[in-house]
Each structure stands twice: as C-alpha cells, then as structure tokens.
1. Please count how many residues of segment 205-236 are assigned to a loop (DSSP other than H, G, I, E, B), under 16 Å from Thr172 (Cα atoms) and among the acidic types (Asp, Glu).
2. Only one of (1) within 21 Å of the chain's Cα centre (by Cα); (2) of a type in the set (Ser, Thr, Tyr); (3) assigned to a helix (DSSP H, G or I) fails for Ser171. Which number is that?
3. Output the qualifying pairs, or none if there are none: Cβ atoms under 8 angstrom, residues six or more apart or on different chains, first residue in segment 351-371 and assigned by TED's automatic domain parsing to the domain that holds Asp394 and more than 17 Å from Lys14 (Cβ to Cβ), second residue of a type in the set (Gly, Ala, Ser) and part of a strand (DSSP E or B).
4. State whether one or more residues within segment 5-12 are surrounded by 13 or more Cβ atoms within 10 Å (Cβ to Cβ), over 27 Å from the mean Cα position of the chain (by Cα) and within 18 Å of Val95 (Cβ to Cβ).
5. If I ask for residues that are closer than 17 Å to Glu183 by Cβ and of a type in the set (A, V, I, L, M, F, W, C), which ones from segment 200-214 would you list?
6. Within segment 237-259, does at least one residue satisfy the condition of being buried (at least 20 other Cβ atoms within 10 Å of the Cβ), among the acidic types (Asp, Glu) and under 29 Å from Asp353 (Cα atoms)?
7. Quick test of your reading of the structure: Asn143 fulfils all but one of (1) more than 17 Å from Asp402 (Cβ to Cβ); (2) in contact with a Cys (Cβ under 7 Å, 6 or more places away or on another chain). Name the failing condition by number.
Amino acid sequence: MLLIFAPEVTPRLKYTCDLIFRDTLGIDCEITTDLEMFRGAGRARLNYSETTVDGVPHIFPAGLLFERGINDQEVGVFDWEGSKAIFGTHPEYLVPFDPLAGSFYLVSRYEEYLPHIRDTHDRFDATESLAHKQHFLHKPLVNIWAMKLRDELTRHYPALSFPARKYRYISTIDIDNAYAYLEKGFMRTAGAYARSMVNLDFDDLAERTRVLAGVQKDPFDTYAFQLELQQRYHFRCIYFTLLAEYGENDKNVPPDSRKLRSLIKSLADYAEVGIHPSYGSNHSPDKLRKEVATLSRILKRDVTRSRQHFLVLKLPETYRQLIDLDITDDYTMGYAVNIGFRAGICTPFYFYDLDMERPTSLRIHPFAVMDATLKYYMKIDPSKAMDYIRPLIDEVRKVNGDFISLWHNESMSENRVWAGWRLVYEDMVAYATGKHERAGQVV
C-alpha cells in the first residue's frame, strides 16, 4: 500500500492515482490530506504537494488535478530519458515533471474537449493532437512514466513490491462487409452488375458471377484463414460486426441475413464478438439500441464490447451512449489517419467524463495500428508495413502492455486492392505473439 499526501482529494487525483498505481502498476494506494499523519507514517509514501517532507519522494504538482472545468493548458513538452515528458516542474524532485497531471491530460483526452478541427467524418483530427505535433504518438508515455515511478519508488522503498505484468497481444477484426458479393439482395446485386458493365470492369463481372454461381468462394470470406492463425499462434481475437440498415457508409450484409447470423454464431464459438455501431447511429441512439439488441438476440447473451464504425468518436457523447446501453468495454481509441497511441497508453483504462468530472464504468482498450491507416492514409506498401508495425509492438513489450491491432476480413482477401496484406497480418501476428518464423524465414 502506497500512502500519497496531497493538499486535497479531487476526483481527478483519485482517478489518476488509481490509473497509475492500481490499474497500471498493480498496487493499492491511499490519499491523505493529513500532513502530520503522513509525516509519521512508517510505510511507502509519495508527496504530491508543494510542501516538502524530508526523506519522502516528492512530485511537484502542475495543478491540473486540482482544477475544475476545462481550460486552456500550458503543456510544455521536453525530451526526457530517451522519451518525452510534459508538465515540467522542478528538476530536483523525484522526476522533473508531473507524470500524474501528464497522464490525466493524455488519458482523459483533455485536448478533445477544447476547440479543435474535426475531419470530414466528424472525428478529432489527429494532426491537432499534442502527440502528433510533438512527435510522441508512437510512444505509450503513460506506461513509460508509470514504469519510471515504479523504479524510483522501489529505490526508495525496497520492500515495496509490484506484481509482474504480462505483455499481451489482442487481434481485433471489424466486419464492415462480411461478403463481397453474397447476401446483398437483388437490387444491390443488379446495381453492382450495372456499375461493372458501365466501367467495363469485366474481372469484377466474372468474379461476381462465379461466386454467386457457387463455383468460387467469396473473396471476403477469410474466416477459415483467421481461425487457422488463431489455432497456430494462440492469441485472443475479438470481432466487431456491423448490423445496420443499408446507408451511405453502412454497407454490410443486411442484418436479417441468415448467412450473416450463422457466421456471427460460428465466430462466437472460438472468439469474442462485439457490436460495431453504424455510422448512422452516431446521430440516432435508437439505431444504436436496435443494433445492440439485434446482436444480443443472435448471440443469446448480453453485448458488452463495442467499436465505432469509421472510428467516429465524439467525447463525451459517444461514450455516454454506450454506457446507457450497458456496454462495458470499448475499442475505438485510436486514429484512422495515424498509427500509435491516441491516449498515450497501451493498457486498458476507465473513461473519465470531464464534463461531469467523474470516472465511469466504461473501460477503454486503445489500439495501436489499423490496416486501412497503413494502406489508405499513410500509403504504405505491404512489403514495408512491418517496418511501421514492429516498432509499436516493441514499445508495448517494453512496458508489458497490450498490443491491439485492428484489421478487417476483406484486407486478408488478397483481392485486388488488398493484394499483399494477408501476409502482413500473418507477419504481424507472428511477431506480436513472439513466433517470428514463417515458412522457415525470420519475420
């Protein structure tokens, strides 16, 4: 048990101490405002105040955790021990910055509550983020700072024991479009044939005809390949399936398709399945409620996991909608246009509602890399993709965090635009699980 002294106990301070010490480092902590009791306590202590206590590790607070409301912040960024630090204070203290305030700023997504530019999908623009501007998006700073605090506290209190945390790999797969040609209905199929003829796309015409005739497997049906990898490399996999009525950005198989429902049930036999809230549901809580209820009926169990389609995330509204529907775990925290750590962390954390000034029951699982980010936004050739993925995995391993990837069933199809990306997924899985050999070659 770590005893922390602070001039007052605020919801922000309590949340951040739980985040760093309980959830990330695995030890309990208690906060006191009783200075005399703190001075005389014969156990591991941390002073988080402007008052000096001889012989006690001291972090000089930047002030953010004692504020109320949302205000512009002076967030200085500087190089520190091969990484970055923010909210610099005084070099003579335990660390020359306030890692608690810095962690809260990043994890609460404080900057996303401030005025900012949103992209064409009404998403926070990654280029607006402090991490992008200061070039630390590829670093899980919160975990790095937590490890440094652990080391410093252990140096002061050798008897203070921290449980070992294990690195994990979690593969998450979004099913935006379960099949390329099957189960689309007469009108959509006829329209697709007409477009292919107008565009003189004879390859698409021929392939669609072979699939519909049962001669060829649908190219987006890559589920057997996914299962084979899970059995070979032994990793956790979570599917997020779109169950929306047809719309401009919601083009999956109709939710009443028997084949789609059968697929979802079969996936649930060997993996976890969550909801992929539709693009249209962002402005319609009733749509979201219907989609969650549909998946719940298919699975015959409560739906507790979610990831937003198109990664459309607006704070705090999106997360409040999920909480209202008893979603307990969300996997949306990441950028579409950049790889890396949107919240500066690679372990789960609870969403803190800044408007309400309170922590919530919704646990956030940040992902680090998405296939579409590499291909469409960063324009990376598949032969070079692992050069970008591997360093992220290495960063997560260093702090024993969770490396979460986001892939799609169609990107494993080797179909047209996705040629070469099936191999990228397998190479990533092999490296992330520590099994680097494939076909006798080192990945």
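The values are calculated or read from the model by the stated rules, or taken from the named source; none is laboratory data. Bear in mind that the values here come from a model prediction, so they are computed numbers and not experimental data. Positions of Cβ are backbone-derived with ideal geometry, glycine not excepted, and every protein chain shown enters the neighbour counts.
1. 0
2. (3) is the only condition that Ser171 fails.
3. Note: pairs meeting the criteria are Phe367/Ser405; Ala368/Ser405; Val369/Ser405; Met370/Ser405.
4. Yes, segment 5-12 contains a residue that is surrounded by 13 or more Cβ atoms within 10 Å (Cβ to Cβ), over 27 Å from the mean Cα position of the chain (by Cα) and within 18 Å of Val95 (Cβ to Cβ).
5. Val211, Leu212, Ala213
6. Yes; the residues of segment 237-259 include at least one that is buried (at least 20 other Cβ atoms within 10 Å of the Cβ), among the acidic types (Asp, Glu) and under 29 Å from Asp353 (Cα atoms).
7. The one condition Asn143 does not meet is (1).
Rundown of residues vs (1) modelled with pLDDT of 95 or more; (2) within 27 Å of Val429 (Cβ to Cβ), yes/no style:
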site	(1), (2)
His135	yes, no
Ile144	yes, yes
Met147	yes, yes
Arg150	yes, no
Ser161	no, no
Thr172	yes, yes
Ala180	no, yes
Gly185	no, no
